[in-house]
Amino acid sequence: HLTVTEPVAILKADEVWGALRGLETFSQLVHEDDYGRFHINASEIDDFPRFAHRGILLDTSRHYLPLKSILTNLDAMAFNKFNVLHWHIVDDQSFPYQSIYFPELSDKGAYSYNHVYTPTDVHLVIEYARLRGIRVIPEFDTPGHTQSWGKGKKDLLTPCYNGEQPTGSFGPVNPILNTTYDFMTKFFKEISSVFPDAYIHLGGDEVDFNCWKSNPEVKKFMKKRGFGFDYAKLESYYIQKILDIVSSYNKRYMVWQEVFDNKAQLKPDTVVEVWMGNNYVHELSSVTGAGFTAILAAPWYLDYISYGQDWKKYYSVEPLKFPGSEEQKKLLIGGEACLWGEFVDATNITPRLWYKLFLSLYFRRRWSSRNVTNLQDAYNRLTNHRCRMLR
Amino acid sequence: GLETFSQLVGRDENGTYYINKTEIVDFPRFPHRGLLLDTSRHYLPLRAILETLDVMAYNKFNVFHWHIVDDPSFPYESLTFPELSKQGAFNAMTHVYTASDVQTVIEYARLRGIRVVAEFDTPGHTLSWGPGAPGLLTPCYLGKEPSGSYGPINPILNSTYQFVTSLFKEVSTVFPDFFLHLGGDEVDFTCWKSNPKINAFMKEMGFGEDYKKLESFYIQRLLDIVSSLGKGYIVWQEVFDNGVKVRPDTIIHVWKENSTPYMEEMGNVTRAGYRALLSAPWYLNRISYGQDWIAAYQVEPLEFEGSPEQKERVIGGEACMWGEYVDVTNLAPRLWPRAGAVAERLWSNKTVRDLQDAYMRLAEFRCRLLGRGVPAQPLYIGYCDNEFGG
């Protein structure tokens with residue numbers, strides 16, 4: 001609650017995080033006149049977010065993002081009242097996370113020694129974010145999206161076969177070996193202590209079954225377990241074990257929607273991230289209908305650039321417009337704008353993110369009440385905010 | 001050649017610079033290799049223009065097509081008509097190009113072997129001219145009364161031609177290149193049609209209902225004025241499409257992708273005996289997801305039915321970065337390295353088309369640009385050895 005009068009302004013909030021947001025609002029009320037004097041109008045503002053989880057996904061595997069980029073974006077996030085950084089830190093193409101227990105992972109898997117996040121770097125990001133009221137949720141996506149992990153840990157990925165012979169290439173994490181789970185147990189112990197947030201994102205998306213299908217040992221395992229030819233069952237078997245490992249460290253987890261779609265057994269406090277574009281509305285109903293918490297990313301893939309004022313389509317999304325009861329709708333706790341890194345690095349991330357990230361809109365959709373929808377008004381406020389961010 | 005030489009220099013693991021023994025004979029395929037910047041939709045500070053000229057030189061571009069004014073703003077500070085920018089610029093103090101700024105651009109470009117071709121687009125695209133030149137634009141009518149809004153330049157008044165003569169006299173002196181770009185695109189006839197004095201003029205001249213004839217009437221006189229000032233001119237394709245009588249040495253700039261397929265237009269223009277510039281497939285402002293440099297690279301400018309003489313009349317092309325969604329905050333990553341695909345298409349031999357090879361060279365060139373301090377965006381997943389202290 002912000003009251004601006006003479007001679008003081010008073011800001012009251014239940015927690016320090018609210019105070020941070022209120023200070024941001026206060027800063028946006030200040031304007032400059034033609035003589036360069038700063039003014040603020042007498043005001044009374046009562047504000048609170050509509051959704052609790054307002055996130056940005058950054059991908060530092062397809063292109064490494066230098067610390068400076070990440071920190072600048074954390075600042076910009078704070079200006080826009082975002083409160084979660086979903087750090088998609090590793091993926092197929094590179095492994096920049098310098099692990100304490102397994103230094104070979106980044107030694108062999110990062111693009112180069114200059115494309116690494118040391119423990120100090122990671123702590124800096126976490127603390128910088130914390131001071132701005134931003135949670136850092138790391139994502140260590142498995143069993144797919146893990147090509148770069150195999151460079152530093154030879155026996156981790158599944159060897160693919162052509163008939164009887166290994167082809168020399170590798171697929172997802174090998175779900176049938178004990179060594180896999182020994183590794184994951186140790187690895188996630190480290191992650192759980194490095195990242196203080198209650199949640200870790202475990203990925204679980206886009207697992208390509210072809211390599212598993214080609215591997216004779218995997219096929220034997222499928223038979224032994226009675227999974228038949230349903231590799232989704234093998235995927236779930238793997239995920240299950242990872243979820244249990246992570247739970248044992250008292251962490252909760254977020255997963256991409258496939259983990260839910262493929263019927264893995266999830267703990268009740270799992271957060272399911274809905275990302276697939278076609279018919280996400282239906283998916284939201286399914287996920288919340290099954291009693292799980294959901295966050296929405298599907299309509300907010302900012303990496304899908306196009307010509308013109310695309311902010312409008314991001315703004316027009318109404319997250320709660322899906323078939324479901326009141327209780328179900330309560331389970332949608334927010335969303336994330338995703339800036340995947342295939343075509344993005346430090347040279348273009350800021351204009352691309354914050355140009356569209358006029359998500360303050362989309363974000364505003366998550367902060368503001370359902371009634372704030374007028375596009376013309378949004379355009380005016382956005383343009384002002386954009387000029388403010390330039391400064 | 002010095003640019004080529006600079007690109008041959010490599011660095012080994014010890015940090016030592018080296019160059020391989022080499023023999024290269026090189027020359028451009030097309031003489032006109034241009035880049036268009038739009039400083040009306042968004043003002044571009046001088047440093048943005050100068051940096052762009054540097055990178056153009058790295059890419060062997062040799063023409064800077066300066067689309068300096070348009071509907072939204074008039075940043076060009078005219079000595080003859082100071083009110084134009086005073087009333088027409090976004091901000092007459094901070095969003096203008098002074099005479100000194102303009103000379104800086106021209107000289108900076110010259111030292112890099114880049115011609116500056118200025119475009120003062122008329123009779124359409126001139127809304128910003130109105131406030132500083134009352135009486136210049138056509139008042140639109142709603143029935144018998146003026147509506148309060150304005151349209152293209154008023155082609156029926158003598159004062160218009162006096163103004164145009166004075167302005168272009170100045171522009172011809174300020175910009176030393178032989179060519180001026182006179183625009184002539186997208187003239188909306190609605191306002192002219194609504195104005196009773198113009199209707200009367202149409203009748204008097206026997207133009208009937210064909211407003212293209214009125215447009216031609218204006219353009220004709222403009223071209224004569226500019227010729228008498230000793231300049232040659234480039235015009236957008238509508239001038240040709242609308243049957244305006246132009247001098248044989250006119251250059252027609254083909255830009256439309258929607259109506260006639262642009263290759264067909266290239267054939268038509270060159271068959272009629274005019275020289276042509278291609279921009280239609282090279283509108284770099286039209287961004288899309290993915291590796292859109294590929295489509296730009298695969299264009300073959302001479303892929304139309306025509307005689308060898310016709311093909312000779314294609315003197316080159318221009319990559320265009322229109323400014324509706326572009327200003328200094330995103331200009332460089334949006335231009336580079338994508339414009340490099342166009343630069344190679346215009347310089348290199350027709351047979352240089354292999355995509356894998358081009359990708360590798362363009363990706364390496366992009367890393368080199370990073371090393372030179374240019375925030376060129378990535379082509380695809382990967383990294384540069386020289387970034388972040390490497």
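Nothing in this text is a laboratory measurement; each read-out follows from the coordinates by a stated rule. Computed from a prediction, not measured in an experiment: that's the story for all the values here. A quick note on method: Cβ atoms are made from the backbone with ideal geometry, for glycine too, and the neighbour counts reach across all protein chains shown.
Details
- Computed about its Cα centre, the charge dipole of the stretch B:77-162 is approximately 120 debye, with only Lys, Arg, Asp and Glu carrying charge at their Cβ.
- Taking chain B as a Gaussian network of alpha-carbon nodes connected by springs under 10 Å, the highest mean-square fluctuation of the residues B:THR126, B:THR351, B:THR80 belongs to B:THR351.
- Among the listed pairs A:LYS267/A:LYS313; B:LYS203/B:LYS231; A:LYS186/A:LYS329; A:LYS154/A:LYS219; A:LYS313/B:LYS193, those beyond 31 Å (Cα-Cα): A:LYS267/A:LYS313; B:LYS203/B:LYS231; A:LYS186/A:LYS329; A:LYS313/B:LYS193
- Under 19 Å from the A:ALA290 label point (7 Å along Cα→beta-carbon), backbone N, the stretch A:296-332: A:296-298, A:322-325, A:327-332
- For chain B, the mean residue ellipticity at 222 nm estimated from helices alone is -11000 deg cm²/dmol, where every DSSP H run of n ≥ 4 contributes -39500 (n - 2.57) and the total is divided by all residues, rounded to the nearest 500.
- HN-Hα J in Hz across the stretch A:26-39 - Karplus 6.51, -1.76, 1.60, θ = phi - 60°, x for Gly and Pro: 3, 4, 7, 7, 6, 9, 10, 8, 5, 8, x, 8, 8, 10
- Spin-label model, A:THR383/A:ASP34: points 7 Å from Cα along the beta carbon direction are separated by 2.0 nm.
- Segment B:LYS169-B:ARG47, extension gain: residue separation times 0.36 nm, minus the distance between their alpha carbons: 41.1 nm
- Taking the Cα centre of chain B as reference, the dipole from Cβ charges on Lys and Arg (+1) and Asp and Glu (-1) amounts to some 500 debye.
- Loop-located chymotrypsin sites (Phe, Trp or Tyr not before Pro) in the stretch A:123-214 (DSSP state not H, G, I, E or B) with no more than 15 neighbouring Cβ atoms inside 10 Å do not occur.
- Gaussian network model of chain A, springs between alpha carbon atoms under 10 Å - residue of A:VAL90, A:VAL344, A:VAL272 with greatest fluctuation: A:VAL344
- At an R0 of 60 angstrom, the distance between the Cβ atoms of A:VAL8 and B:THR260 translates into a FRET efficiency of 0.30.
- Going from the fewest other Cβ atoms within 10 Å to the most, the residues B:ASP327, A:ASP377 appear in the order A:ASP377, B:ASP327.
- GNM result for chain B, Cα springs below 10 Å: residue of B:ASN20, B:ASN285, B:ASN59 fluctuating most strongly: B:ASN20
- Three-way shape label, the protein assembly as shown, alpha-carbon gyration tensor, a/c 1.5: prolate
- Coupling constants for the stretch B:351-365 follow from the phi torsions by the Karplus curve (6.51 cos²θ - 1.76 cosθ + 1.60, θ = phi - 60°), and in residue order they are 7, 7, 9, 5, 5, 4, 5, 4, 4, 4, 5, 5, 5, 5, 5 Hz; glycine and proline get x.
- Rounded to 0.05, the FRET efficiency of the B:PHE207 and B:SER227 pair, given R0 = 30 Å and the Cβ-Cβ distance, is 0.80.
- Cα convex hull, the stretch A:1-48: 69 Å³ per residue, rounded to a whole number.
- Overall dimensions of the stretch B:279-390 as given by Cα atoms, namely Rg and Dmax in Å: 15.4, 54
- For B:TYR141, the amide hydrogen comes within under 5 Å of the amide hydrogens of B:SER147, B:SER194, B:ASN195, counting only partners 5 or more places away or on other chains and with H modelled in the peptide plane.
- Pairs of Cα atoms nearer than 8 Å and 6+ residues apart set the relative contact order; for chain A it is 16 percent.
- Working from label points 7 Å from Cα in the Cα-to-Cβ sense, the A:GLU318 to A:ASN178 distance is 5.7 nm.
- Equivalent ellipsoid dimensions for the stretch A:263-321 as semi-axes, Å, which come from the Cα gyration tensor, largest first: 26, 11, 9
- Global form of the stretch A:49-389, assessed from the alpha-carbon gyration tensor, a/c cut-off 1.5: prolate
- Positive-pole candidate from A:GLN147, A:VAL90, A:VAL136, dipole of the stretch A:74-151, charges at beta carbon: A:VAL136
- Each Lys and Arg adds +1 at its Cβ and each Asp and Glu adds -1 at its Cβ; summed about the Cα centre, chain A shows a dipole of about 380 debye.
- DSSP beta bridge pairing in the stretch A:60-179, given as percent antiparallel to the nearest 5: 40
- Put in line by how crowded their Cβ is, counting other Cβ atoms within 10 Å and starting with the fewest, A:SER99, A:SER61, A:SER286 read A:SER286, A:SER99, A:SER61.
- Fully extended contour minus Cα-Cα distance, from A:PHE26 to A:ASP261, at 0.36 nm per residue: 80.2 nm
- For the stretch B:71-135, a Kirkwood hydrodynamic radius built from all Cα pairs, placed in the Stokes-Einstein relation at 20 °C and 1.002 mPa s, yields a translational diffusion coefficient of 170 µm²/s.
- Arranged from fewest to most other beta-carbon atoms within 10 Å of their beta carbon, B:LEU44, B:LEU127 become B:LEU127, B:LEU44.
- Loop GluC sites (Glu not before Pro), the stretch A:1-103 (other Cβ atoms within 10 Å of the site Cβ: 16 or fewer; DSSP): A:GLU15
- With pairing defined as another cysteine C-beta under 4.7 Å, the cysteines of chain B that fail it are B:CYS320.
- Each Cα pair under 8 Å and six or more residues apart adds its separation to the average, and for chain B the resulting relative contact order is 16 percent.
- Here's how it looks for A:GLU336: its modeled amide H is under 5 Å from those of A:GLY55, A:LEU296, A:ALA297, which are all 5 or more places away or on a different chain.
- J(HN,Hα) series, the stretch B:144-151, from Karplus relation 6.51 cos²θ - 1.76 cosθ + 1.60, nearest Hz, glycine and proline x: 9, 9, x, 7, x, 9, 10, x
- For the stretch B:31-348, the Kirkwood estimate of hydrodynamic radius, built from reciprocal distances between every pair of different alpha carbons, is 20.2 Å.
- The stretch A:160-245: projected area of the alpha-carbon convex hull, averaged over directions, in nm²: 6.3
- Cα-projected label distance for B:ALA272 with A:LYS224, points at 7 Å along beta-carbon direction, nm: 7.9
- Per-residue mean of C-beta atoms belonging to partner chains within 10 Å, peptide A:301-308: 3
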